[in-house]
Amino acid sequence: MTKSLSRETIIVIKSTAPALQQHGVEITTRMYERLFVDPEIKALFDLAAQKSGEQPKRLAAAILAFAQNADKLDALKPAIERIAARHIATHIRPEHYPAVANALLPAIEDVLGDAVDERVLAAWGEAYWFLAEVLISREKTLYAEAA
Ligand code: HEM
């Protein structure tokens, strides 16, 4: 891990995570509405749903929960391994990560409205990309090992 979240970001994430999780279902629903406008991204989830037999609707909620522990990456290691393995199985690539950021952050804004400001959105953006880089790096190794 080459960098970590700033102290300021960790404080903002921890103070806003409960509110985001309280509205988790709404945020998740809104995120998928935004995400699935892109047929290529939607197809990745259709494939996953067929394989696992369930709708992958927990992704946004997991990201919200996950970000709360972004300052304790050691504790997240088993979860990172599981997610990376699932992402490899569903052919998730680095170029897919911006789509989730571009769906999740506006979804937070849509649902929480005036309760979020630029500072909160910037902190969540930083936390998302921090976790994304951890996953992308692990997935790169797993794809290389599988090749
Ligand atoms: C920081 C970013 C991300 C986090 C924290 C995250 C987290 C997760 C989690 C917790 C799961 C469930 C793993 C399990 O089965 O136990 C998952 C599965 C999945 N993720 Fe991600 N993810 C991220 C980015 C992405 C991106 C960018 C895509 C594609 C656009 C994606 C697509 C999927 C798919 C298709 C599944 C499989 C769902 C299923 O099992 O049916 N994820 N992810």
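Restricting attention to region 95-112, the residues that are buried (at least 17 other Cβ atoms within 10 Å of the Cβ) and touching a Phe, Trp or Tyr at 6+ places or on another chain (Cβ under 7 Å) add up to 3. Within region 15-28, residues that are touching a residue at least 60 places away in the same chain (Cβ under 8 Å) have Cβ atoms under 7 Å from residues that are surrounded by fewer than 16 Cβ atoms within 10 Å (Cβ to Cβ) and assigned to a helix (DSSP H, G or I) in these pairs: Ala19/Ala115, counting only partners at least 6 apart in sequence or on another chain. Within region 132-147, residues that are more than 16 Å from Ser4 (Cβ to Cβ) and of a type in the set (Lys, Arg) have Cβ atoms under 9 Å from residues that are open to solvent by 60 Å² or more (accessible area, probe 1.4 Å) and more than 9 Å from the ligand (Cβ to nearest atom) in these pairs: Arg138/Glu81, counting only partners at least 6 apart in sequence or on another chain. Scanning region 69-94 for residues that are more than 8 Å from the ligand (Cβ to nearest atom) and open to solvent by 60 Å² or more (accessible area, probe 1.4 Å) returns Asp71, Lys72, Asp74, Ala75, Lys77, Pro78, Glu81, His91, Arg93, Pro94. Within region 82-126, the set of residues being in a helix (DSSP H, G or I) and among the basic types (Lys, Arg) comprises Arg82, Arg86, Arg119. Only residues that are open to solvent by less than 80 Å² (accessible area, probe 1.4 Å), of a type in the set (Val, Ile, Thr) and more than 15 Å from the chain's Cα centre (by Cα): list them for region 4-27, please. The answer is Thr9, Ile10, Val12, Thr16.
The values are calculated or read from the model by the stated rules, or taken from the named source; none is laboratory data. What you see is a predicted model, and the numbers here were worked out from it, not measured in a lab. Here the Cβ is made from the backbone with ideal geometry for all residues, glycine too, and neighbour counts use every protein chain on show. All accessible areas refer to the heavy atoms of the entire protein, side chains included, with ligands and DNA or RNA removed. Shrake-Rupley method; radii C 1.70, N 1.55, O 1.52, S 1.80 Å.
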